[in-house]
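The structure under discussion appears below in the form of structure tokens.
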Amino acid sequence: MRAFVLVPLLKSAEQQARREGFSTRSPESRLEEAVGLAAAISLNVVGSAVVPLAKPRPATLLGEGKVDELKGQLAELRVELVVVDGPLGPGQQRNLERAWKVKVLDRTGLILEIFGERARTREGTLQVELAHLNYQKSRLVRSWTHLERQRGGFGFLGGPGETQIEADRRMIQERITKIERQLETVKRTRQLHRKTRRDAPYPVVALVGYTNAGKSTLFNRLTEAGVFAENLLFATLDPTMRGLMLPSGRKIILSDTVGFISDLPTHLVAAFRATLEEVLEAEVILHVRDAAHEETEIQKRDVEDVLASLGVTKESAEENEQYVVDVLNKIDLLEGEAHDAAVNLSAREPLTVAVSALTGEGTQELLALIDRLIVDEERHVHFDLPSNEGEAIAWLHANAHVRKREDGEDGIVHLDIGLTPLVAGRFEKRFPDLSRRLGEAAAHAAE
Ligand SMILES: Nc1nc2c(ncn2[C@@H]2O[C@H](COP(=O)(O)OP(=O)(O)OP(=O)(O)O)[C@@H](O)[C@H]2O)c(=O)[nH]1
Ligand SMILES: [Mg+2]
């Protein structure tokens with residue numbers, strides 16, 4: 001199908017975001033992403049435009065002149081579908097369809113289409129249909145189609161039109177209720193499976209991240225599985241799990257999940273909530289990021305927003321003793337300084353790892369980190385430090401479990417500490433000069 005992608009740029013929204021201190025996405029990258037979304041359902045994108053808007057028009061979003069101008073362009077390109085990268089009211093959508101004589105889809109509609117095409121499992125299909133119905137229902141509330149058809153376009157309250165909408169809503173609601181019941185059954189079955197999985201005491205590690213960040217590629221790299229990974233937005237829909245042996249010989253279950261995107265339709269988040277929440281109970285969450293993307297920070301924020309809407313925040317992670325690891329992926333695409341910066345960050349920050357899922361660079365380090373994170377046993381270590389290492393001593397007080405401290409006459413501080421592998425790893429990164437000393441103390445303790 002020949003499609004045209006249109007990115008409306010609301011100036012007031014831009015200004016407000018800037019006032020509130022948010023960085024906004026550049027028009028180019030928004031356009032690129034919207035074209036990528038269109039391509040994800042094999043639309044043939046024959047043209048695109050970024051349209052700055054001083055003020056949105058209630059009837060058609062775009063100004064009258066713009067609508068006319070585009071009409072000619074669309075006809076010339078023999079466009080059949082226009083994708084508007086933003087929310088459109090039902091009235092706006094219909095008015096534009098009338099003016100241009102083509103089908104018009106907004107961002108939510110497009111994403112729902114993609115999900116509809118990708119859904120494979122029964123649960124996925126039901127979830128997407130549920131999201132679709134809720135989307136339709138929310139639009140029906142304000143839709144005047146029936147009113148106009150039945151009342152010649154006059155008035156919009158009461159009368160047969162209202163009855164028609166009520167009938168449609170009832171029908172949709174009935175279907176929603178039915179799907180919710182079916183989902184409930186699927187969920188119960190899954191919980192049974194899950195229980196057996198729980199009985200096998202393997203910690204779960206979940207991959208999350210922006211769509212196209214490389215989650216599935218990393219999943220495949222780590223598990224040597226052949227999961228569908230492609231340069232395609234929303235390539236993955238259903239969570240995929242696979243066992244994996246860590247360097248220590250311990251087993252984990254790695255889980256690949258659906259990607260997130262900015263302005264992810266709330267209906268979709270709601271529909272996928274049950275599945276995602278379950279995945280997000282994981283001991284370790286690997287937030288996979290496309291470090292080579294120019295808007296990697298904005299993507300990170302968007303992913304964190306979606307995670308927060310699913311109940312995963314810094315605070316909740318701390319409370320649940322859950323680790324969220326920043327995985328800076330695609331570092332093979334970074335050159336020179338940018339590459340070094342990512343690697344340095346990874347060396348400095350205990351919960352950051354730079355990798356390339358494509359070349360395998362850094363993946364051993366990632367596995368080693370997971371290994372450290374899932375063992376939480378404290379080891380009792382006797383650690384002597386010169387008293388002039390004040391910073392290191394203070395750090396241990398703040399981060400490790402200091403059971404006993406004796407400040408010796410000889411200028412040596414004797415510490416009895418409980419140390420988990422994670423804290424030990426963090427200490428070593430933070431105080432590389434003292435890492436050998438700690439290593440020796442720990443080895444001594446192990447004897
Ligand atoms: N250069 C490079 N490309 C990568 C790397 N990791 C993934 N890619 C590419 O990025 C694209 C997306 O990868 P996927 O693994 O499908 O991404 P995803 O996060 O699973 O995406 P969704 O399932 O759509 O959310 C593919 O073309 C991969 O080949 C990497 O480390 N380096
Ligand atoms: Mg994927």
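Things to note:
- All positions within region 52-83 that are surrounded by fewer than 14 Cβ atoms within 10 Å (Cβ to Cβ) and under 29 Å from the mean Cα position of the chain (by Cα): PRO52
- Given (1) within 35 Å of the chain's Cα centre (by Cα); (2) exposed (fewer than 13 other Cβ atoms within 10 Å of the Cβ); (3) assigned to a helix (DSSP H, G or I), number of the condition GLU391 does not satisfy: (1)
- Residue match in region 136-150 (condition: assigned to a helix (DSSP H, G or I), at pLDDT 80 or above and closer than 27 Å to VAL35 by Cβ): yes
- Considered as a group, the residues in region 244-278 that are farther than 24 Å from GLU297 by Cα, within 16 Å of ligand 2 (Cβ to nearest atom) and in a helix (DSSP H, G or I) include one that is modelled with the lowest pLDDT, and that residue is THR275.
- Among residues of region 340-368 that are closer than 16 Å to ALA213 by Cα and outside any loop (DSSP other than H, G, I, E, B), those with a beta-carbon under 8 Å from a residue that is of a type in the set (Ser, Thr, Tyr) and more than 10 Å from ligand 1 (Cβ to nearest atom) at least six positions away or on a different chain give the pairs THR352/SER346; VAL353/SER346; ALA354/SER346.
- LEU233, sole failed condition from (1) at negative phi; (2) at pLDDT 90 or above; (3) open to solvent by 10 Å² or more (accessible area, probe 1.4 Å); (4) within 12 Å of ligand 2 (Cβ to nearest atom): (2)
- Only one of the numbered conditions (1) surrounded by fewer than 18 Cβ atoms within 10 Å (Cβ to Cβ); (2) modelled with pLDDT of 85 or more; (3) under 20 Å from GLY124 (Cα atoms) is violated by GLU304, and that is (3).
- The residues of region 40-51 that are at pLDDT below 90 and open to solvent by 30 Å² or more (accessible area, probe 1.4 Å) amount to a single one, SER42.
Conditions (1) more than 14 Å from ligand 1 (Cβ to nearest atom); (2) basic (Lys, Arg); (3) at pLDDT 95 or above, marked per residue:
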{"site": "ALA308", "(1), (2), (3)": "yes, no, no"}
{"site": "GLU319", "(1), (2), (3)": "yes, no, no"}
{"site": "TYR323", "(1), (2), (3)": "yes, no, no"}
{"site": "ASP326", "(1), (2), (3)": "yes, no, yes"}
{"site": "LYS330", "(1), (2), (3)": "no, yes, yes"}
{"site": "GLU349", "(1), (2), (3)": "yes, no, no"}
{"site": "VAL353", "(1), (2), (3)": "no, no, yes"}
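The values are calculated or read from the model by the stated rules, or taken from the named source; none is laboratory data. Note that the structure is predicted; figures quoted are calculated from it, not measured. For neighbour counting, all protein chains shown are included, and Cβ atoms are generated from backbone atoms with ideal geometry for every residue, glycine included. Areas reflect the complete protein model, heavy atoms only, side chains present, ligands, DNA and RNA absent. Shrake-Rupley method; radii C 1.70, N 1.55, O 1.52, S 1.80 Å.
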